[in-house]
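See below for the structure under consideration.
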Amino acid sequence: MLWTKRKEYLSQYEHTSINQHGHRYKRGVPKPISMATLSCPVNDPKRVADMQTLILLSHHLDLPVRYDFSVDPHIAYIEVIGAEAL
């Protein structure tokens, strides 16, 4: 199983006013979030235990298992966002 971690920035918007054209918002300070991706190849028979672990983790964390068939080998993965980001 492969574990990768990356940082992304989530844009924050604040309500400023309302005029005849509708609500107006201004962009605030972006909030950094940490994302971890756990992945394993789908079509490798040697990785059955990794796939089972990934499915059990996704069930325990209540996250969907996603599949990427555009790469070779095909990959199943889950993404976890750090609790401090929410």
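The values are calculated or read from the model by the stated rules, or taken from the named source; none is laboratory data. Since we're looking at a predicted model, the values are computed, not measured. Because the Cβ atoms are built from the backbone with ideal geometry, glycine has one as well, and the counts that use them run over all protein chains shown.
List of remarks:
- Of the residues making up the stretch 2-21, not a single one is closer than 14 Å to A76 by Cβ and touching a residue at least 40 places away in the same chain (Cβ under 8 Å).
- I55 vs. criteria in contact with a helix residue (DSSP H, G or I) (Cβ under 7 Å, 6 or more places away or on another chain), modelled with pLDDT of 85 or more and of a type in the set (V, I, T): no
- Of the strands (runs of 3 or more DSSP E) entirely within the chain, those holding at least 3 residues that are aliphatic (A, V, I, L, M) occupy 31-41, 75-81.
- For the stretch 20-29, the count of residues that are exposed (fewer than 10 other Cβ atoms within 10 Å of the Cβ), charged (D, E, K, R) and over 21 Å from the mean Cα position of the chain (by Cα) is nonzero.
- Test for N43: is it farther than 26 Å from H74 by Cβ and either touching a strand residue (DSSP E or B) at 6+ places or on another chain (Cβ under 9 Å) or modelled with pLDDT under 85 (or both): no
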